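Step one of this worksheet: look at the structure below.
The values are calculated or read from the model by the stated rules, or taken from the named source; none is laboratory data. None of these values were measured; they are calculated from a predicted model. For the accessible areas, the whole protein counts, side chains as well, though only heavy atoms, and no ligand, DNA or RNA atoms are used. Shrake-Rupley method; radii C 1.70, N 1.55, O 1.52, S 1.80 Å.
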Amino acid sequence: MLIGIATDHGGFGLKEELVARIRAAGHEVVDFGAHTLDPDDDYPDFVVPLGQAVVAGQVDRGVAICGSGVGASVCVNKVKGVRACLIHDHFSAKQGVEDDHMNILCMGGRTVGPEVAWDLVQTFLAAQFSQAPRHLRRLGKVASLESGER
């Protein structure tokens, strides 16, 4: 699987650790930055290109990190076609993909430790969208909101 990952300074250390673990697990990684620790950088500069790459099919799934994960989640969800969520628990990392076709996992570099983050990433990457009719119906309603039909 080809995984995109992006962060600002708030998640820089966690991103570096996750990149190594994702590669060691046999996945390819596209690192959208930050590439250096800069306390003045801004998460939109990194998570928006990640979101665009996920929607364009240039990467299979994405991981977006900032200090709390909230800003990254709010921002990347502005990219049409992104279904991102701030995740802190194993159940939601799995269910978010299975039921809601979540394509970007958001986390806080200051709120989730590396072991929990790795569990969430592994769970997110292993999960598959169920394609159940009720979930397809709900995603259709979400898509209509994005297109301005609702």
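Want the number for T36 to Q131: 0.36 nm per residue separation, take away the alpha-carbon distance, what's left?
Details: separation 95, 0.36 × 95 = 34.20 nm, distance 3.94 nm.
Taking 0.36 nm per residue and subtracting the Cα distance, the gain is 30.3 nm.
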| query | GNM on the chain, C-alpha springs below 10 Å: top fluctuator among I104, I87, I22? | reply | I22
| said: Computing the accessible area with a 1.4 Å probe over protein heavy atoms, can you report the carbon and sulfur percentage for the chain? | reply: 53 percent
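Take every Cα pair under 8 Å in region 6-150 that's 6+ residues apart, average their separations, divide by the length, and report that relative contact order as a whole percent. If you can, show how the numbers build up before the last one.
On the way: 242 pairs, mean separation 35.0, N = 145.
Relative contact order of region 6-150: 24 percent.
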| task | Compute the whole-percent fraction of alpha carbon pairs in the chain spaced more than 27 Å apart. | result | 15 percent
| remark: Scaled by the rule-of-thumb 2.2 N^0.38 Å, the alpha carbon Rg for region 79-130 gives a ratio of 1.06
| field | For region 1-55: span of alpha carbons on each principal axis (Å, largest first) | value | 33, 25, 12
